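The values are calculated or read from the model by the stated rules, or taken from the named source; none is laboratory data. Since the model is a prediction, treat every value here as computed from it, not as a measurement. Ideal geometry is used to build each Cβ from the backbone, glycine not excepted, and the neighbour counts take in all protein chains shown.
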Amino acid sequence: MPDYMLLLHESTTAGAGLSPAEIMETINRYKAWAGKLAEAGKLRGGEKLCDDKGRVMTKRGAQVSAKDGPYSEVAEVIGGYFIINAADYAEAERLSSDCPHLDFGNAIELREVEPTSD
């Protein structure tokens, strides 16, 4: 069965009005959702990304450069990711459908992971 990466898109203002208690409740909901996937043997990994914009690396000829992240001029970032195991996109969608991330009007991008080993 293939693995799928769930890229958690979010607005830079997502969760801005949440109280500390609401933030902890949301974190606990993510943990419960991930725990459910882990118990079912479907979770391969995942983490929240730091709140910085990261760096984008490019190469032209022999010149390698790095600059501030790709979302510096838009109001959306990748806030984190999960990697799950599913038979196909339909199952990946089903497993992702109750992710707390969607409750905030955010999007989840599903991408099949191509294995790097034989």
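Would you tally the residues in segment 74-118 being among the polar types (S, T, N, Q) and assigned to a loop (DSSP other than H, G, I, E, B)? Steps first, please.
From segment 74-118, those among the polar types (S, T, N, Q) are 85, 96-97, 106, 116-117; that's our starting set.
Now narrow it down to the ones that are assigned to a loop (DSSP other than H, G, I, E, B): 97, 106, 116-117.
Summing the residues that are among the polar types (S, T, N, Q) and assigned to a loop (DSSP other than H, G, I, E, B) in segment 74-118 gives 4.
Does Val113 satisfy the criteria of being touching an Asp or Glu at 6+ places or on another chain (Cβ under 7 Å) and either aromatic (Phe, Trp, Tyr) or modelled with pLDDT of 85 or more (or both)? Working first, answer last.
Numbers: touching an Asp or Glu at 6+ places or on another chain (Cβ under 7 Å): yes; either aromatic (Phe, Trp, Tyr) or modelled with pLDDT of 85 or more (or both): yes.
For Val113, the condition - touching an Asp or Glu at 6+ places or on another chain (Cβ under 7 Å) and either aromatic (Phe, Trp, Tyr) or modelled with pLDDT of 85 or more (or both) - is met.
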Worksheet item: Restricting to strands (runs of 3 or more DSSP E) lying wholly in segment 1-71: which have 2 or more residues that are surrounded by 10 or more Cβ atoms within 10 Å (Cβ to Cβ), polar (S, T, N, Q) and without any contact (Cβ under 8 Å) to a residue 60 or more places away in the chain?
Response: none
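Looking only at residues in segment 16-55 that are more than 18 Å from the chain's Cα centre (by Cα) and not small (Gly, Ala, Ser), which one is nearest to Ala92 (Cα to Cα)?
Taking segment 16-55 and keeping what is more than 18 Å from the chain's Cα centre (by Cα), we get 16-22, 24-25, 39-41.
When the remaining residues are screened for being not small (Gly, Ala, Ser), the result is 18, 20, 22, 24-25, 39.
Working: Leu18: 29, Pro20: 31, Glu22: 28, Met24: 26, Glu25: 25, Glu39: 16 Å.
Going through the qualifying residues, I end up with Glu39.
When segment 36-63 is examined, which residues are found to be at positive phi and at pLDDT 85 or above?
Step one: list which residues in segment 36-63 are at positive phi, which gives 41, 45-46, 54, 61.
Listed by number, the residues that qualify are Gly41, Gly45, Gly46, Gly61.
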Worksheet item: Quick one: would you say Ile83 is surrounded by 11 or more Cβ atoms within 10 Å (Cβ to Cβ), within 17 Å of Val113 (Cβ to Cβ) and either at pLDDT below 90 or touching a Cys at 6+ places or on another chain (Cβ under 6 Å) (or both)?
Response: no
